[in-house]
1. First check a/c for segment 405-476, with a ≥ b ≥ c the square roots of the eigenvalues of its C-alpha gyration tensor; if it is under 1.5, answer rounded, and if not, answer prolate when a/b is larger than b/c or oblate otherwise.
2. What whole-number distance in Å separates the alpha-carbon centres of segment 166-195 and segment 297-311?
3. From the helices alone, meaning DSSP H stretches of at least four residues, give me the mean residue ellipticity at 222 nm for the chain, per-run term -39500 (n - 2.57), in deg cm²/dmol to the nearest 500.
4. Find the centroid of the Cα atoms in segment 218-281 and in segment 469-496, then give the distance between the two in whole Å.
5. For q = 0.06, 0.11, 0.12 Å⁻¹, what log10 I(q)/I(0) does the chain give under the Debye formula with an equal point scatterer on each alpha carbon and no solvent?
6. Above 22 angstrom, tally the Cα pairs of segment 6-200 and express them as a % of all pairs, no decimals.
7. Please go through segment 94-143 and write out the chymotrypsin sites (Phe, Trp or Tyr not before Pro) that DSSP classes as loop and that have at most 12 other C-beta atoms within 10 Å.
8. Hey, what angle do you get for helix 336-357 against the long axis of the chain, alpha-carbon based, 0 to 90 degrees rounded to 10?
Amino acid sequence: MEGSTFSELNWKNSFLLGTPGDDEIGGVPRQVPGACWSRVHPTNVPDPKLRLWSNEVGELLGLQRGDAQILGGNMVVEGMDPYAQRYGGHQFGNWANQLGDGRAITLGEVTAGDKILELQLKGPGRTPYSRFADGKAVLRSSIREFLCSEAMHHLGVPTTRALSLVTTGENVVRDVMYNGNPAPEAGAIVCRVAQSFIRFGSFQIHAMNGDKATLEQLVDHTIQQHFPKHSMSDDASLIAWLNQIATETAVMIAHWMRVGFVHGVMNTDNMSIHGLTIDYGPYGWIEDYNPNWTPNTTDARTGRYRFGQQAQIGAWNLARLLESISPLMEDPERLYECLETYYTAYEEQNNAFWADKLGLDEFQDEDETLVTQLTSNLQLVETDMTIFFRLLSTMEKPDVDHLQFAFYDSENIPTDEWNTWLASWWKRVGGKPNHAVMKKTNPKYVLRNWMAQLAIDAAEKEDYSIAVELLELMKTPYDEHENHEEKWFQKRPEWARHRVGCSMLSCSS
Ligand code: AMP
Ligand code: MG
């Protein structure tokens with residue numbers, strides 16, 4: 001078999017060496033002031049079975065198909081030094097103080113080419129940061145995280161990756177909709193991979209508790225290890241570093257808007273310092289184009305994290321990160337520049353994506369009207385976002401008939417409004433929209449909520465074939481797949497409209 005075994009990998013533990021940690025190993029959930037991490041051992045599970053494996057992430061690490069004992073947390077090999085990270089966060093706008101890796105344990109870091117990648121188990125049992133919970137994860141949410149990480153990567157959206165999914169052979173009790181109906185579910189563990197899992201909240205926890213010394217060490221480590229072009233030697237250097245984070249965060253969110261992804265829980269503890277989509281929980285994909293939609297039922301009333309508000313929330317979260325770096329600045333007022341950077345980067349990237357989505361040569365100021373009219377038309381009747389843009393990408397003449405499949409009710413298509421819009425678009429592109437660019441920008445396939453749910457329903461009966469099929473399909477989401485029957489190029493089926501797991505999700509995982 002090609003590739004190394006886990007023990008043959010080149011393990012590093014720079015985070016443990018570079019930042020202050022907890023003196024105690026493991027232990028009960030508690031406050032751990034002054035620490036960035038606590039060493040902790042994954043909890044043993046009865047019967048770990050490897051169910052899903054990403055060949056590409058395996059290759060990235062130079063790893064052969066993995067060992068369920070290790071990926072299920074039963075075995076730690078030499079070189080690994082497992083720990084849980086300590087961080088805080090604003091949850092739904094409120095400061096929650098210490099959160100931390102309550103159900104995640106990092107095994108260690110591995111050098112892979114010119115990169116260092118961290119391997120982290122999600123769901124391997126209790127840590128000092130588990131608060132009142134068990135530190136475990138269920139199959140349902142693990143399948144969602146595994147498939148979506150890989151789908152996002154192939155869609156070109158910055159994301160943490162997923163290496164494996166292991167079932168643990170034990171049941172975990174969850175109350176899926178938080179409505180007093182707890183039930184046992186299959187337990188599972190995903191191994192996820194990223195440069196690091198450092199979050200905005202990793203810095204906030206120290207700043208909010210007035211611990212400047214630890215904050216300084218964490219910033220120093222983060223810059224040295226992950227942003228070597230930068231330094232923390234003065235205000236200008238810190239600003240340059242934060243500008244990079246601001247830009248990468250803005251670009252990530254512009255991508256979410258391009259493909260119709262709603263994160264669902266953009267708390268500051270779920271914001272990666274690398275501008276990666278992280279912590280797949282009650283996320284969802286827009287089906288009918290509705291900027292007010294959120295998949296997260298916990299957020300249904302206020303819609304704080306709804307589709308159309310993600311860019312603003314990104315700015316709010318960035319402001320919290322900037323505040324937490326301010327103790328290290330001589331002139332904290334200068335941090336406003338990074339918010340400007342964020343807004344400019346978002347606007348530029350978002351406009352560039354609109355130009356590509358519509359096959360324009362470049363985005364001009366006047367195109368704003370075209371986009372506004374388009375997004376308001378999309379909301380006149382239930383219209384599938386993905387199908388709409390994909391069909392637009394193959395339009396040969398400006399005629400709404402070509403888009404018919406995108407509408408839920410074929411009897412009720414706003415023909416006049418669309419033909420008016422199509423005429424102005426056609427004029428703008430001089431009758432020659434750039435179809436090639438459009439097809440690379442408007443995916444044919446996304447991981448619709450009901451598609452993931454079908455994979456989950458099968459997996460719960462020990463059938464992983466749909467999960468594997470979707471993993472394969474989502475490797476080339478911009479291709480036509482002409483020989484394929486069109487079963488995944490479909491609007492949401494009626495059964496999924498109000499089904500838990502499809503239109504309604506919670507943080508229970
Ligand atoms: P989230 O917003 O879902 O990423 O999680 C918020 C916080 O709750 C994080 O600190 C998680 O580690 C923690 N958490 C969520 N689920 C569990 C669980 N099953 N056991 C322990 N901690 C958890
Ligand atoms: Mg989280």
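The values are calculated or read from the model by the stated rules, or taken from the named source; none is laboratory data. If you're wondering where the values come from, they're calculated on a predicted model, not measured in any experiment. Neighbour counts run over all protein chains shown; Cβ positions are idealised from the backbone, glycine included. Note: areas computed on protein heavy atoms with side chains; ligands, DNA, RNA excluded. Shrake-Rupley method; radii C 1.70, N 1.55, O 1.52, S 1.80 Å.
1. Taking the square roots of the gyration eigenvalues as a ≥ b ≥ c, segment 405-476 is oblate.
2. 24
3. -11000 deg cm²/dmol
4. Each part reduced to its Cα centre gives a spacing of 31 Å.
5. -0.28, -0.96, -1.13
6. So the portion of pairs separated by more than 22 Å is 47 percent.
7. For chymotrypsin sites (Phe, Trp or Tyr not before Pro) across segment 94-143 that sit outside H, G, I, E and B with at most 12 neighbouring Cβ atoms in 10 Å, the list reads Phe132.
8. Tilt of helix 336-357: around 40 degrees.
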